1. Could you give me the residue pairs with C-beta distances under 6 Å whose first residue belongs to segment 179-195 and is under 14 Å from CYS54 (Cβ atoms) and part of a helix (DSSP H, G or I), whose second residue is open to solvent by less than 100 Å² (accessible area, probe 1.4 Å) and at pLDDT 85 or above wherever it lies, and which are 6+ apart or on separate chains?
2. For ASN58, work out the one condition from (1) buried (at least 20 other Cβ atoms within 10 Å of the Cβ); (2) on the phi > 0 side of the Ramachandran plot it doesn't fulfil.
3. Can you tell which of ASN58, ASN31, ASN100 is among the polar types (S, T, N, Q) and either at pLDDT 95 or above or touching a Pro at 6+ places or on another chain (Cβ under 8 Å) (or both)?
4. Does GLN183 fit the bill of being open to solvent by less than 60 Å² (accessible area, probe 1.4 Å) and either modelled with pLDDT under 95 or touching a helix residue (DSSP H, G or I) at 6+ places or on another chain (Cβ under 8 Å) (or both)?
5. Which residue out of LYS66, LYS164 is modelled with pLDDT under 95, closer than 30 Å to GLU50 by Cα, open to solvent by 10 Å² or more (accessible area, probe 1.4 Å) and out of contact with any Ser or Thr (no Cβ under 8 Å at 6 or more places or on another chain)?
6. All but one of (1) over 14 Å from the mean Cα position of the chain (by Cα); (2) touching a residue at least 12 places away in the same chain (Cβ under 8 Å) hold for ILE158, so report the exception by its number.
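The values are calculated or read from the model by the stated rules, or taken from the named source; none is laboratory data. Remember, predicted model here, so these are calculated numbers, not experimental data. Note that each Cβ is placed from the backbone with ideal geometry, even for glycine, and that neighbours are counted across all protein chains shown. Keep in mind that these areas ignore ligands, DNA and RNA; they rest on the heavy atoms of the full protein, side chains included. Shrake-Rupley method; radii C 1.70, N 1.55, O 1.52, S 1.80 Å.
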Amino acid sequence: MGNDLLGKKEVPVKKVPTAIEIKTYIMVAKNKLTLYRNKKVNSIKMKRKEIGKCLRENNLDVAKAKMESVIREEDTITVYDILGPICEILKEKVTYLLSNCECPPDLRAALDTVIYASTRIEVEEFHKLRELVMLKYGEAYINKADSNADKLVNVNLIEKLKVKPAADAFITIRLKQLCKEDQINFEFPSEVAGFDPLSVQGNPFGQPEPINPYASQIQNPIQNGGDQGMN
């Protein structure tokens, strides 16, 4: 009898994530998004002053490099703005999530978007949330969300997370916007002749902080991807 007991292997008990754990990570992540967003906004304001100084000193190449950095930071702000409302949705639906063996179809787009973003932005709590979701729904679900296999991840977030250089003409147009707002007299090359800077949407330098070009979609954060999960 004793030998039989010694020969048996203990089956590890699967850890079940709790509502408190998930809610805590979501709330902390949302707070960090707000904090990081504010830092990005302040960084852009500082870089705007640096860009203006470069243009006044006729240093166009450095101004372009700094403007490209501003554009990347604006993309990151857009990602934060998309994830914030999604976090709020998931926080309110934690009990619903945990009561299902598989992710409910109406929350797939929201949860897939968070899982996709978790390895692409530096918010530790999203990594922790990813681990808890894997305990609940399995590694196969995580892999599908991470690769966007079902095309449910927010398309704007995917686009803004891409690492790609900004077009030189677009950078120049953005510099012209800055010059108009700050009344900087600078002669630009002729490669963007014919473009009206004011016709370009999303001028961050005419407002206290960068305008999110997808602001109209933020109130429905799983738009352009979420509808598929509800069919």
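1. CYS179/PHE186; ASP182/GLY52
2. (1)
3. Details: ASN58 fails: either at pLDDT 95 or above or touching a Pro at 6+ places or on another chain (Cβ under 8 Å) (or both); ASN100 fails: either at pLDDT 95 or above or touching a Pro at 6+ places or on another chain (Cβ under 8 Å) (or both).
None of the other options fit; the residue is ASN31.
4. So GLN183 fails the test.
5. Matching residue, one of LYS66, LYS164: LYS164.
6. So the condition that ILE158 fails would be (1).
Matching residues to (1) within 27 Å of ILE20 (Cα to Cα); (2) open to solvent by less than 10 Å² (accessible area, probe 1.4 Å):
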site: LEU107; (1), (2): yes, yes
site: TYR116; (1), (2): yes, no
site: ILE121; (1), (2): yes, no
site: LYS176; (1), (2): no, no
site: GLU187; (1), (2): no, no
